[in-house]
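Reviewing the structure listed below.
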Amino acid sequence: MSFVDKVAVTLIAGKGGDGRRSFRHERFIAKGGPDGGDGGDGGDIILRASPNHNTLSFFRYQKQLIAKNGLPGGKSRKHGRNGQSLVIDVPVGTEVTDQKGKLVVDLVIPNQEVVIAKGGKGGFGNAHFTSSTRQAPNFAEKGEIGEKLELILELKIIADVGLVGLPNAGKSTLLSRLSNARPEIADYPFTTLTPNLGVVDIDQKTSLLMADIPGLIEGAAEGKGLGHEFLRHIERTRLIVHVIDIYEEDIKHNYQIIRNELKSYSQKLAKLPEIVAVNKIEGYDQQSLNKKITELKSILPKNTPLITISAQAGTNLKDLKFNLKDILSKHHLNQAKIKKSIIPRITLGDKTDEFKVKKISNGYIVSGQKIERFADRTNFNNDEAVERLRNIMKRLGITHELIRKGLKPGQTIYFGDDQTKMFIF
């Protein structure tokens, strides 16, 4: 399966079922009362963080996801069946944003679920509207439209340690020796085309998750090379292991290339704790090795650990693992702190009763969450249904505001942006 880590999707929750307008027809009963049932609610769309998924490739050919509609109400007050909710599994670490880049939810905990799009409410049948003054209502509500959202899903891998370095520095070999991961390894650059994850056992009680990020090159933060698409995956790591090939001619310059790319992409990345691992030392001349290490130490930030290793031969890998444990214990981010980073769907208070009245050339436009929902449920071809909507407008103070703004009999009132939802005052 190919790796996909950013997709645009359209989510459409289910429409509510229409309420039923019907009357009892029974033998020996001349006029039966209203018995129309309510429509079922439309299905929600739920996102679930699944530890069994590691890519968003499912959405490559499935750009639109639609939940089931609710069924209409039936005779004899039978309630329509609710639409089945659609549960969509995404990898742990998936960020959901709107088209403007505003964060909607951050799915960082395994099996975390969030209702991302609400299904529409089912419409009431005419039996619902019976009262002492309205004994034979001849109207029913339409079901509400479900929420429709245009969203961006972006996967940012969650790992304790991120391996970074220039192509062919030996990151994949190091990951394969430290963990249970088996990435593709070859003697040429860019063999790693997707991030690889592995569990590293430090001791009998401690293990950590390590990610091998594809090789970065100079200019990656501006979009050059393979690394640009994967820099985002380092953002969630707690520690960086910077792997450097000892056989490169100028290891100081190579170190600075990666550091500059991290700083250019995010100051947060630049401030993460770092271990420098100089790799491929097997068979390397000791005197030359000491000289290069001394040169490299001269430009490293103070207290940055530097370890010489051979991923291929296994040299000093135990020392590296215990350095990882030591640094992570000092810069620990426990699960409670991670949970605080979850961004739920937030509403700015209850504004459902708020409305706006706007005068236009051929009438007035009334907008507002609550009144538009009632308009959605109204059958404008039914006089009783329209009369009910008029009464709701009076209770909400909308009629008073329309008259204050100059509404006269015979003028048209529209609801929201839909010009088909209208009646003559």
Check: Of the peptides 40-47, 98-105, how do they stack up when ordered by the mean number of other Cβ atoms within 10 Å, highest first?
Finding: 40-47, 98-105
Next item on the list: Using the Karplus curve 6.51 cos²θ - 1.76 cosθ + 1.60 with θ = phi - 60°, work out ³J(HN,Hα) for each residue of region 382-387 in order, rounded to whole Hz, and write x for Gly and Pro.
Entry: 10, 4, 5, 5, 5, 4
Check: Amide H of LEU163: which non-local residues (sequence gap of 5 or more, or other chain) have their own amide H closer than 5 Å, using H built in the peptide plane?
Finding: ALA211, ASP212, ILE213, VAL241
Next item on the list: May I ask you to list the lysines whose Cα is less than 26 Å away from that of LYS356, ignoring any residue fewer than eight positions away on the same chain?
Entry: LYS15, LYS100, LYS102, LYS118, LYS121, LYS142, LYS148, LYS370, LYS394, LYS405, LYS408, LYS421
Item checked: ³J(HN,Hα) computed for each position of region 298-314 - Karplus, 6.51 cos²θ - 1.76 cosθ + 1.60, integer Hz, glycine/proline x -> 5, 10, 6, x, 4, 6, 7, x, 10, 10, 8, 9, 10, 5, 5, 8, x
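Ranked highest first by the average count of other Cβ atoms within 10 Å around their residues, in what order do 297-306, 137-146 fall? Mind showing how you got there, number by number?
Working: 297-306: 11.3, 137-146: 24.0.
Highest to lowest by the protection proxy: 137-146, 297-306.
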Notebook entry, point to check: Rounded to the nearest 0.05, what FRET efficiency is calculated for SER132 and GLU354 with R0 set to 30 Å and r the Cβ-Cβ distance?
Noted result: 0.40
Margin query: Can you give the local net charge around VAL164? Use residues other than it whose beta-carbon is closer than 10 angstrom to its beta-carbon, Lys and Arg +1, Asp and Glu -1.
Written below: -1
Margin query: Using Cβ counts within 10 Å as a stand-in for footprinting exposure, how do GLU401, GLU387, GLU261, GLU147 rank, fewest first?
Written below: GLU387, GLU401, GLU147, GLU261
Next item on the list: Excluding residues fewer than 8 places away in the same chain, name every one of the lysines whose C-alpha is closer than 28 Å to that of LYS297.
Entry: LYS171, LYS252, LYS263, LYS268, LYS271, LYS280, LYS318, LYS321, LYS325, LYS330
Check: So between LYS318 and SER76, what do we pick up on full extension, going 0.36 nm a residue minus the alpha carbon distance?
Finding: 79.7 nm
Checklist line | Cα principal axis extents for region 6-155, largest first, Å | finding: 66, 29, 26
Margin query: Along the Cα→Cβ direction, 7 angstrom out, place labels at ARG395 and ALA8. What is the inter-label distance in nm?
Written below: 4.2 nm
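For the pair GLN84 and GLN256, what calculated FRET efficiency results from E = 1/(1 + (r/R0)^6), where r is the Cβ-Cβ distance and R0 = 51 Å, to the nearest 0.05?
With a Förster radius of 51 Å, E is 0.35.
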Notebook entry, point to check: Whose amide H sits under 5 Å from the amide H of ILE46, counting only residues 5 or more places off or on another chain, with H placed in the peptide plane?
Noted result: LEU86, VAL87, ILE88, ILE116
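Laboratory data are not the source of any read-out in this text; all were calculated from the coordinates shown. Everything numeric here is computed off the predicted structure, so don't read it as measured data. Because the Cβ atoms are built from the backbone with ideal geometry, glycine has one as well, and the counts that use them run over all protein chains shown.
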